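Heads up, the thing below is written out as structure tokens.
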Amino acid sequence: MPAEHFLDTNILLYGYDLDAPVKRDVAEALIERAFKQPQDTAISVQVLQEFHVNFVRSGHPAAEALILIEDFSSWTVIDNTLALFGLGLSLQARWQISLWDAMILAAAHASGARQLFTEDLNHGQDYGGVRVVNPFL
């Protein structure tokens, strides 16, 4: 069954960011909804990797990052594959976006999600069936 929503890394990071209380509240609500309805939410291995690097870089213990990653893994997780990379490259060329954003978009497509929650792409734009929602606007 396809996911309804795909969460980008920045959503997860803001959920634990004590320096951005307004964004944290919004992100916490999205994360809480994801835990209540795990079948409706997807992320990717790339999201988990980026979360780990940036969470630890911001001063949190690696052990805490690992616990959170295990929790996030209750959602649909899209693996990095050669096929996904190929889709990302084609989306990068089509939409003229960075490879990293294209890979997030490719993973959202692969999950079947209709909405991608992120602040990194154009709010409201439909990228071939995946609509971007910037929840912080």
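Just so it is clear, none of the values below were taken in a lab; they were calculated from the coordinates. Since the structure is predicted, the reported quantities are computational estimates derived from the model, not experimental observations. Here the Cβ positions follow ideal geometry from the backbone for every residue, glycine too, while neighbour counts run over all protein chains shown.
For the chain, the C-alpha radius of gyration divided by 2.2 N^0.38 Å, with N the number of residues, is 0.98. Looking only at segment 122-137, which residues have a backbone nitrogen under 20 Å from a spot 7 Å from the Cα of residue 100 in the C-beta direction? Label zone hits: 122-123, 132-136.
Tilt of helix 21-36 relative to the longest C-alpha principal axis of the chain, in degrees (0 to 90, nearest 10)? The angle comes out near 70 degrees. Where does helix 62-72 land angle-wise versus the long Cα axis of the chain, in degrees 0 to 90, nearest 10? Between the helix axis and the principal axis of the chain, the angle is about 50 degrees. Length available on full extension from residue 32 to residue 137: 0.36 nm per residue minus the Cα-Cα distance, which gives 35.9 nm.
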